[in-house]
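Undergrad: Shown below is the structure under consideration.
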């Protein structure tokens, strides 16, 4: 267990448990602005993903606009997606995670995994992506499974292809302007 502080009584209770260790890190309160990942021959220093999601800064880029409930569901899926690693796709409905795909070499692979996990529950659900869609194939795959709205960062040179596909398929698409791509 890692914490910025621990009361003496709590530390005594935890110390009695044979499989629990308590590590007190006072600097945990201030939070680091970078994360370090060890790689062969060195390390990768990344900016900490501490941005707070704010739907007021999001951009609806499709002709179809999200309802208030859809916007709340998009926010839920976006928050879950933040905590999934690389090429993360989250399918959600009724503020519940229905499917997660991640770690694939391409985004459409992660989309397919998340949709497979969601199964029939994908119909009418929301899809969130931690990174932009470089091609419209993920949008088409999502629509074929019944997804009704997508939230993604945007920023691809080919954003317009994905937006056009969403419009043609009568989907909502929202761009956050923030990428949650963890390595």
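Undergrad: With a cut-off of at least 1 residues that are surrounded by 22 or more Cβ atoms within 10 Å (Cβ to Cβ) and touching a residue at least 40 places away in the same chain (Cβ under 8 Å), name the strands (runs of 3 or more DSSP E) lying wholly within the range 68-156.
TA: Qualifying strands (runs of 3 or more DSSP E): 89-93, 126-129, 149-152.
Undergrad: Any chance you could count how many residues in the range 144-183 are at pLDDT below 95 and more than 20 Å from residue 88 (Cβ to Cβ)?
TA: Residues flagged as at pLDDT below 95 and more than 20 Å from residue 88 (Cβ to Cβ) within the range 144-183 amount to 1.
Undergrad: Let me ask another. For the range 21-59, what are the residues that are in a strand (DSSP E or B) and at pLDDT 85 or above?
TA: Of everything in the range 21-59, those that are in a strand (DSSP E or B) and at pLDDT 85 or above turn out to be 23, 24, 38, 39, 42, 43, 59.
Undergrad: Any residue at all in the range 48-64 that's more than 21 Å from the chain's Cα centre (by Cα), touching a residue at least 40 places away in the same chain (Cβ under 8 Å) and under 27 Å from residue 100 (Cβ atoms)?
TA: yes
The values are calculated or read from the model by the stated rules, or taken from the named source; none is laboratory data. Since the structure is predicted, the reported quantities are computational estimates derived from the model, not experimental observations. Every residue, glycine among them, receives a Cβ derived from its backbone with ideal geometry; neighbour counts consider all protein chains shown.
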